[in-house]
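One structure is given below, encoded as structure tokens.
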Amino acid sequence: MSLVRRPVAISPDGEYREIGLRSFGRGVFHKDPVSGTEIGEKRVFYIKPGDLLFSNVFAWEGAVALATEREDGLIGSHRFMTFRVNESIAEPRYLLHYFYGGPGLTKLVAASPGSAGRNRTLGIKALKVQYVDLPHIDEQRRIADKLDATLGRASSTISLRQKMVSLQANLAASLISSAVESVTDSVRVGEVIAFKRTALDIDPETEYRSIGIRSFGRGFIRHTPVNGEDLSKLSYFTFPENALALSNLMAWEGGISVTRSEDMGYIASNRFFFYLPTDDRVNTSYLRHFLLSKPGQALIASACSAGAERNRTLGRKRFEELTFPLPPRPVQDHVAHVLDTLAERLNSAYSEPALDALRPSILNAAFTGRL
């Protein structure tokens with residue numbers, strides 16, 4: 001590969017569109033048009049179809065792409081390395097897959113020294129001295145054709161799931177809004193649900209399975225079993241079935257779920273709150289959907305400490321003192337049934353962990369001679 005730079009002489013009156021690169025091989029995105037005045041003194045360069053592009057900041061996590069006709073004439077800042085491939089010995093599409101998810105990703109990591117965290121910059125000299133294992137050009141093209149076709153189908157499936165998730169969110173917002181609009185009175189959280197968990201004495205030699213809660217309403221994390229001596233120093237509890245569960249650290253970001261029969265036998269740390277209905281006025285699944293909605297998340301946020309960035313802890317007393325509109329039980333049951341049924345079908349047809357593992361498994365097959 002050869003580094004190619006095409007400097008752009010910026011006109012203050014001109015209009016320009018910059019590119020960006022998504023990590024994990026998710027391609028190029030186009031930024032909104034800006035004027036030359038807005039670009040100012042920033043160094044920018046033209047992009048041409050066939051350029052192999054690397055983000056010098058995020059190449060180590062697969063921010064690599066191959067420019068197409070759609071990028072012809074767009075510009076990129078100095079943070080994007082633009083290479084032309086010697087196509088007599090290397091297929092650009094093969095190198096794209098090789099670098100963003102194949103064996104080449106480790107080479108990008110090696111060429112991206114830096115400090116802790118995500119501050120790791122790809123060096124041009126460090127990249128140029130890396131060796132790339134290349135099969136014959138015909139074999140590269142065969143593998144690239146296979147990957148383009150297979151990953152294209154995988155991307156279509158992932159895109160379909162994302163659209164369905166978006167529709168699911170829109171439906172949830174609509175149903176919650178309609179349910180709330182018909183309510184004239186509000187109830188206090190602590191009036192309709194009660195805190196319920198049971199303290200557990202941890203035996204260092206006994207095996208335990210603990211849970212966590214994902215943000216954005218994505219349900220529980222079920223951790224692998226560990227001995228009691230390997231658990232954190234937090235206090236641990238058992239919890240009931242069909243309870244509203246909240247992470248006191250991440251409830252403001254949708255760390256909310258409902259326990260099911262498959263969660264029994266797990267334990268939770270003191271960082272998780274569990275609530276059962278005090279009577280038959282509330283459906284815990286409906287309450288979960290409400291708390292995950294925009295008005296519900298606003299309520300949760302009001303009961304959290306005002307820490308910096310993501311350090312926002314839900315206070316139990318503040319939460320229980322919140323008031324919210326509670327629709328009649330039949331309305332709650334209907335909303336919960338519709339949204340729970342849709343979520344179950346979506347998860348069974350398009351399992352998120354399975355889709356997340358699909359691309360890496362395909363790439364691994366390609367570069368180990370199994371595709």
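The values are calculated or read from the model by the stated rules, or taken from the named source; none is laboratory data. No experiment lies behind these values; they were computed from the predicted model shown. FYI the Cβ positions are ideal-geometry reconstructions off the backbone, even for glycines, and counts take in every protein chain you see.
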Failed condition for Thr150, given (1) in contact (Cβ under 8 Å) with a residue 12 or more places away in the chain; (2) under 23 Å from the mean Cα position of the chain (by Cα); (3) loosely packed, with under 12 Cβ neighbours inside 10 Å: (3)
Filter result for Ala9 (assigned to a loop (DSSP other than H, G, I, E, B) and among the aliphatic types (A, V, I, L, M)): yes
Index of the failed condition, Arg43 passing every other in (1) under 30 Å from Leu147 (Cα atoms); (2) touching a His at 6+ places or on another chain (Cβ under 6 Å): (1)
Selected residue (criterion: surrounded by the fewest Cβ atoms within 10 Å (Cβ to Cβ)) from residues of segment 263-297 that are of a type in the set (D, E, K, R) and in a helix (DSSP H, G or I): Lys294
Residues that are small (Gly, Ala, Ser) and surrounded by fewer than 19 Cβ atoms within 10 Å (Cβ to Cβ), drawn from segment 229-249: Ser232, Ser235
Every residue from segment 84-143 that is in contact (Cβ under 8 Å) with a residue 60 or more places away in the chain and outside the structural domain of Phe58 (by TED's automatic domain parsing): Ile143
Test result for Glu191, under 28 Å from Arg281 (Cβ atoms) and acidic (Asp, Glu): yes
Answer residue from segment 153-193, given it is of a type outside the set (A, V, I, L, M), out of contact with any helix residue (DSSP H, G or I) (no Cβ under 7 Å at 6 or more places or on another chain) and surrounded by 14 or more Cβ atoms within 10 Å (Cβ to Cβ) and is nearest to Arg318 (Cα to Cα) among those: Glu191
Residue in segment 91-102 that is under 18 Å from Val57 (Cβ atoms) and of a type in the set (D, E, K, R) present: no
Single residue of Gly76, Gly123, Gly50, Gly36 found to be among the small types (Gly, Ala, Ser), surrounded by 14 or more Cβ atoms within 10 Å (Cβ to Cβ) and closer than 23 Å to Gly152 by Cβ: Gly50
